[in-house]
Amino acid sequence: MKIIKTKFKGLLIYDKDSYSDNRGYFRELYLQKHFKIKFPFFAMSFSKKNVLRGLHLQLKRPQAKLITVLSGKMYDVCVDCRKNSKTFGKYFSILLSEKKNKSLLIPAGFAHGFYALEDNTILLYQCSKYRHAKSETGILWKDKDLGIKWPVKKLVISKKDKINMSFKDFKKLI
């Protein structure tokens, strides 16, 4: 396993080993020895092509997340919402797919979202804290201040995500 640093403190890409033969492949998804964080909560999502989810985060109980695509392909985006961070308000994006076999470690305090580029995109979330619905919030995916360059062709999005707050309004909460 190769660990790749980004310009964002704590945001890491894990390029994992894969063992293939004529039967298929075997992959190690997670080795605790590579992480200081424990992940007591696992979740998954299934998305059709053109589904956009996000940008989501928890305010009171922020979660670190390890994101792994089990099937399909997606454009993944993380926004640094850590008030005292040098990269506050900046975003990181990456293509993640079953074929590339990479995972992304997103530190607590980041908003997260993605756009499914293929049907049957299945995402595994390993979270450092349990879901806390009362502190869940969202930032508008197309916020002008963030300037995220999404590869959106068609768009399937929830009513909730359509009305997420602006980054400017989010900054007033923290």
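The values are calculated or read from the model by the stated rules, or taken from the named source; none is laboratory data. Predicted model, so just to flag it, every value in this text is computed and none were measured. Don't worry about glycine lacking a Cβ; one is built from the backbone with ideal geometry, like all the others, and counts go over all protein chains shown.
Considering only region 117-159, state which residues are under 18 Å from Met74 (Cα atoms), among the charged types (D, E, K, R) and surrounded by fewer than 13 Cβ atoms within 10 Å (Cβ to Cβ).
Lys149, Lys153, Lys154
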Okay, strands (runs of 3 or more DSSP E) sitting entirely in region 1-94 with 1 or more residues that are free of Cβ contacts under 8 Å to residues at least 40 places away in the same chain, on the phi < 0 side of the Ramachandran plot and surrounded by 17 or more Cβ atoms within 10 Å (Cβ to Cβ), I get 73-80
| task | Would you mind stating whether Ser158 is among the small types (Gly, Ala, Ser) and touching an Asp or Glu at 6+ places or on another chain (Cβ under 6 Å)? | result | no
Result of the Cβ filter at 7 Å on region 97-108, keeping first residues that are farther than 9 Å from Leu66 by Cα and partners that are of a type in the set (A, V, I, L, M, F, W, C) and in a strand (DSSP E or B), at least 6 apart or interchain, is Ser97/Val69; Glu98/Val69; Glu98/Leu70; Lys102/Ile13; Lys102/Leu96
Among residues of region 152-172 being part of a loop (DSSP other than H, G, I, E, B) and of a type outside the set (A, V, I, L, M, F, W, C), the residue modelled with the lowest pLDDT is Lys153
